[in-house]
């Protein structure tokens, strides 16, 4: 039940951290794990674990039956779609769930590809995760289409001038990310969408790296398709897409013949969903809403993300200042305090490999990723070895400022 409460002035990080079993201090500080791996998947609050377990124990059944457990599952799917609509700021009928974002995108891309003709063009960007590039390349091979890539500016943003120069009357889709999963850039999504629509093209947004940090509003953005991954915003492994409902109705979905073609199901949900994951998704959105205030789920999410953004901006600014003082490593992309970034940072060491630094951090109980993170073209644009990539430091709102002290002490030791 939505409860109205006063808007807090700042994020209560003690209250936040107490809700995550993985963050509870069970060992002395030097040994307690420090999670800076959020871009690869966040930790989950206890209510997500409880909701998934409760579904499996109390409501585990397939859909469409005449008995109580089946009715509970039907109700859960409807609730998950409603929560998905609130989370994305769109019509709940546009929400589709799947195994993961990549699988959903392959399915959606194949559908839109069947509406195209040889010679039609798709624009992708060098900033994107390959899940929003490879599906287009493979579909283009099958259909005789042309995929053109939009390049990057020196600070690793999408080059809008290059985008403008490559748009034409043959452009059918502009596929882009709202934030980079490798270097944290937040892209000018509304401007990209406007340019795509002016050219008569669909705007196809990847919000996977954006959703943990910034409020999504598909209405304000104007995107036709938006994809995200609940396991990146404190939920279970699951994929979610929002597809403009009239577009979803027109695209040729690949479905078994008895499957319904109209809501409450979604035309791009194939087979049985992971119902326990949907329960976890609802709990994850409920958790995020609980951080804010308001009399609706949407307003609670609005205020929660305002608090998250302010807190993470402090973390990013502090990290950016200190990393600039380190010898033997450089940060790529925008500065730490730049508002056009999320708190995901790519570091390039000079005298070690990213894997060696990640291993040194692991010795100190600090979890961070190394590699290319499927952001192939970002790494190649930087002139780096694709296999080595960068060391990625990623904060979530459950991180706190004093954790940066431990991180930099460990980095200083590793870089000597």
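Full extension from residue 351 to residue 56: what is 0.36 nm times the residue separation minus their Cα-Cα distance, to one decimal in nm? Don't jump to the answer; show the numbers that get you there.
Working: separation 295, 0.36 × 295 = 106.20 nm, distance 4.98 nm.
Result: 101.2 nm gained on full extension.
Starting from the 7 Å offset along Cα-to-Cβ, what nm value, one decimal, do you get for the label separation of residue 197 and residue 250?
It is 1.4 nm.
Mean separation of Cα pairs under 8 Å and 6+ residues apart, divided by the residue count of segment 189-229: what relative contact order is that in percent?
Working: 40 pairs, mean separation 20.4, N = 41.
Worked out over segment 189-229, it gives 50 percent.
At 10 °C and 1.306 mPa s, what whole-number value in µm²/s does Stokes-Einstein give for the translational diffusion of segment 330-416, with Rh from the Kirkwood sum over Cα pairs? Each step should come with its number before you reach the end.
Numbers: Rh = 13.6 Å.
Stokes-Einstein gives a translational diffusion coefficient of 117 µm²/s.
Roughly what % of DSSP beta bridges within segment 50-288 run antiparallel, to the nearest 5? Kindly include the intermediate steps, with their values, before the conclusion.
Values: 10 of 26 bridges.
Approximately 40 percent, going by the DSSP bridge assignments.
Could you tell me what fraction of 2.2 N^0.38 Å the Cα radius of gyration of segment 50-288 comes to, as a two-decimal ratio? Numbers along the way, then the final one.
Numbers: Rg = 18.0 Å, N = 239, 2.2 N^0.38 = 17.6 Å.
Ratio of Rg to 2.2 N^0.38 Å for segment 50-288: 1.02.
If you take the beta carbon distance between residue 415 and residue 362 as r and set R0 to 22 Å, what does 1/(1 + (r/R0)^6) give as a FRET efficiency, to the nearest 0.05? It would help to have the intermediate numbers written out before the result.
Numbers: r = 15 Å, r/R0 = 0.70.
So the FRET efficiency works out to roughly 0.90.
In whole percent, what relative contact order does the chain give with Cα contacts below 8 Å and a gap of six or more residues? Let's see the in-between values first.
Values: 837 pairs, mean separation 93.6, N = 416.
Once normalised by length, the contact order is 23 percent.
Suppose a student asked you for the relative contact order of segment 301-416, using Cα pairs under 8 Å spaced at least 6 residues apart; what percent would you report? Don't skip to the end; give the middle numbers.
On the way: 155 pairs, mean separation 32.6, N = 116.
Averaging sequence separation for qualifying contacts and normalising by length gives 28 percent for segment 301-416.
Rg and Dmax of segment 172-215, using alpha carbons, in Å: what are they?
Over segment 172-215's Cα set, Rg and Dmax evaluate to 10.8, 31 Å.
Set the Förster distance to 35 Å, then compute FRET efficiency between residue 146 and residue 13 from the Cβ-Cβ distance, nearest 0.05. Mind showing how you got there, number by number?
On the way: r = 49 Å, r/R0 = 1.39.
My answer for the efficiency is 0.10.
Summing -39500 (n - 2.57) over the DSSP H runs of n ≥ 4 in the chain and dividing by its residue number, what mean residue ellipticity at 222 nm do you reach, to the nearest 500 deg cm²/dmol?
Per the formula, -12000 deg cm²/dmol.
May I ask you to compute the full-extension gain from residue 49 to residue 306, defined as 0.36 nm times their residue separation minus their alpha-carbon distance, rounded to one decimal in nm?
90.0 nm
Rg and Dmax of segment 145-188 over Cα atoms: what are they, in angstrom?
Taking only Cα atoms of segment 145-188, I get Rg and Dmax of 11.2, 32 Å.
Give the residues of segment 119-145 whose amide nitrogen is closer than 18 Å to a point set 7 Å from the Cα of residue 170 in the direction of its Cβ.
In segment 119-145, the label zone of residue 170 (backbone N under 18 Å from the point 7 Å along Cα→Cβ) covers 119-125, 136-145.
Taking a quarter of the surface of the Cα convex hull of segment 23-107, what do you get in nm²?
Numbers: hull surface 33.2 nm².
Orientation-averaged projected area of the Cα hull: 8.3 nm².
Find how many whole Å separate the alpha carbon centroid of segment 211-287 from the alpha carbon centroid of segment 144-184.
24
Output needed for segment 96-218: three equivalent-ellipsoid semi-axes, defined as square roots of 5 times the C-alpha gyration tensor eigenvalues, in descending order, whole Å.
On the way: eigenvalues 89, 66, 32 Å².
So the equivalent ellipsoid measures 21, 18, 13 Å along its semi-axes.
Report the rotationally averaged projected area of the chain based on its alpha-carbon convex hull, in square nanometres.
Numbers: hull surface 81.9 nm².
With the hull built on Cα positions only, its mean projection is 20.5 nm².
Among bridges DSSP assigns within the chain, what percent are antiparallel (round to 5)? Could you put the intermediate results ahead of the total?
Working: 22 of 42 bridges.
The answer is about 50 percent antiparallel.
All of the numbers you see were taken from the coordinates with simple rules; none came from a lab. Keep in mind that what you see is a predicted model, and the values were worked out from it rather than measured. As a convention, Cβ positions derive from the backbone with ideal geometry for all residues, glycine included, and neighbour counts pool all protein chains shown.
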